[in-house]
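Accompanying notes for the structure given below.
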Amino acid sequence: MGVLAEREFMKRNRLCPHCHAMVKRWDNQCPECNRALEAECMCKECAEPLEPEWGRCPACGAATGFACLNCSTALKSHWKVCPSCGKSVS
């Protein structure tokens, strides 16, 4: 596998931290060992891994959607309510 192909493959896959099986980045459970996986933040446009506090993807420039629409507080992707203003972030 070439370097570019490997980079693209790893954007969409990761290793299970429990059994080291290859899983999709968006999976929340390993299909091999059936253990829960921590969610990863990734760009919806290009699948680049993101940090929760980033407002834009550094790879493609797409907005991440991790900011409260009411007060602009940075949010983690799994939060349901903004901790600053209390508005729903669904």
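The values are calculated or read from the model by the stated rules, or taken from the named source; none is laboratory data. Remember, it's a predicted structure, so these values are computed and weren't measured experimentally. Neighbour counts run over all protein chains shown; Cβ positions are idealised from the backbone, glycine included.
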Here the residues within the range 24-39 that are out of contact with any strand residue (DSSP E or B) (no Cβ under 6 Å at 6 or more places or on another chain), surrounded by 12 or more Cβ atoms within 10 Å (Cβ to Cβ) and modelled with pLDDT under 80 are W26, A39
Taking the residues in the range 42-90 that are polar (S, T, N, Q) and surrounded by 13 or more Cβ atoms within 10 Å (Cβ to Cβ) as candidates, determine which candidate is nearest to F9 (Cα to Cα).
T64
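Table: residues versus (1) among the small types (G, A, S); (2) in a loop (DSSP other than H, G, I, E, B); (3) at pLDDT 85 or above.
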{"residue": "M1", "(1), (2), (3)": "no, yes, no"}
{"residue": "M10", "(1), (2), (3)": "no, no, no"}
{"residue": "E53", "(1), (2), (3)": "no, yes, no"}
{"residue": "P58", "(1), (2), (3)": "no, yes, yes"}
{"residue": "C71", "(1), (2), (3)": "no, yes, no"}
{"residue": "C85", "(1), (2), (3)": "no, yes, yes"}
Those residues that are free of Cβ contacts under 8 Å to residues at least 12 places away in the same chain and either closer than 25 Å to L37 by Cβ or in contact with a Leu (Cβ under 7 Å, 6 or more places away or on another chain) (or both), I need them from the range 60-79; list them, please.
W79
